[in-house]
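To keep things clear, I will list the structure first and then write my remarks on it.
Computed from the coordinates by the stated procedures, all read-outs in this text should not be read as laboratory data. All figures in this text were calculated on a predicted structure; none of them were measured in a lab. Counting neighbours? That spans all protein chains shown, and the Cβs are built from the backbone with ideal geometry, glycine included.
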Amino acid sequence: MNEELSMHLKFLRLPGLLDRWDAIVSEADKKSPSYTRFLKDVIAKEYSVKKERARLVRIKRGKLPEVCAMETYPFDRQPKLNKKQVLGIYDSNDYLTKRQHIALIGPTGVGKTGLAISYLVHAINQGYTARFILFPDLIDELYQSLADHSSKKVMSRFLKYDLLLIDELGYCEIDSQAKAGQIFQLLRQRKHSTIITSNLGFSEWEIFLKDKNLTAALIDKFTANCHLINMLQCKSITPKTVLPPKN
């Protein structure tokens, strides 16, 4: 590749062509495709490169602690889990297209987070924007935004994700009305899908929210369009389903 062509490809931001130009030309010399076929192949390869890079960027921005796949979840070790329900939600994509919520409720170690991340990765692979965050970290970030007067900006960021995963909801108590109000406003205003994992059933949310009326209003809002995956009878398995990024 000459310097002028390299400069043009860099300006046009065509990394796939820049990296593989010599191989592409060599293959074309051997197969002698028509001009139309050659251009289609070049465009298709560049599209694949850019699509994959965009997916990896979304994975990075999602701040996942690990990358889990539904295919590796050990359903055989969790016979009391409703596998049909879990896979039905996953395969239908209704939770994304219809902007439904998912609540995974059960004790520590049963694989709630792994399943939740699998839904998150599935969404990212389809082009949706997503974000993982621990409940205590979310509380801190929202509350800190009040102190530095950036609450509107921070709230807007969490509202715009196509899918937001709040892990370990209820893991810490909310020690002020302001913090409870921030969580309520976030979940009330979100127009996109939200996934929560918690070791507390809905009837126990008042324990950490410490406000009966706010708790009732929040539960009514969240459960109105929600899939409940009950894992209360599941046993601890603490699965390790970390996978490398998709090639």
Among all the lysines, which ones have a C-alpha under 18 Å from Lys10's C-alpha, if same-chain residues fewer than 8 places away are not counted?
-> Lys45, Lys50, Lys51
With Rg and the Kirkwood Rh both taken from Cα atoms, where does Rg over Rh land for segment 63-153?
-> 1.03
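Taking the Cα centre of segment 3-60 as origin, work out the dipole magnitude from +1 charges on Lys and Arg Cβ and -1 charges on Asp and Glu Cβ, in debye rounded to 20. All intermediate terms of the calculation are to be shown ahead of the outcome.
On the way: 14 positive and 9 negative charges, 108 e Å.
With Lys and Arg at +1 and Asp and Glu at -1, about 520 debye.
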Rough spin-label spacing in nm, given labels placed 7 Å along Cα→Cβ, for Thr129 and Leu39 = 3.4 nm
The aspartates and glutamates whose Cα lies under 13 Å from the Cα of Lys210, excluding any fewer than 8 residues away in the same chain, are Glu173, Asp175
At q = 0.19, 0.22, 0.29, 0.31 Å⁻¹, what is the base-10 log of I(q)/I(0) for segment 3-60 according to the Debye formula with one equal point scatterer per Cα and no solvent? Please give it to two decimals.
-> -0.75, -0.92, -1.18, -1.22
Here the Cα Rg-to-2.2 N^0.38 Å ratio for segment 34-92 is 1.81
Hey, fewest Cβ within 10 Å first, where do Tyr119, Tyr161, Tyr90 land in order?
-> Tyr90, Tyr161, Tyr119
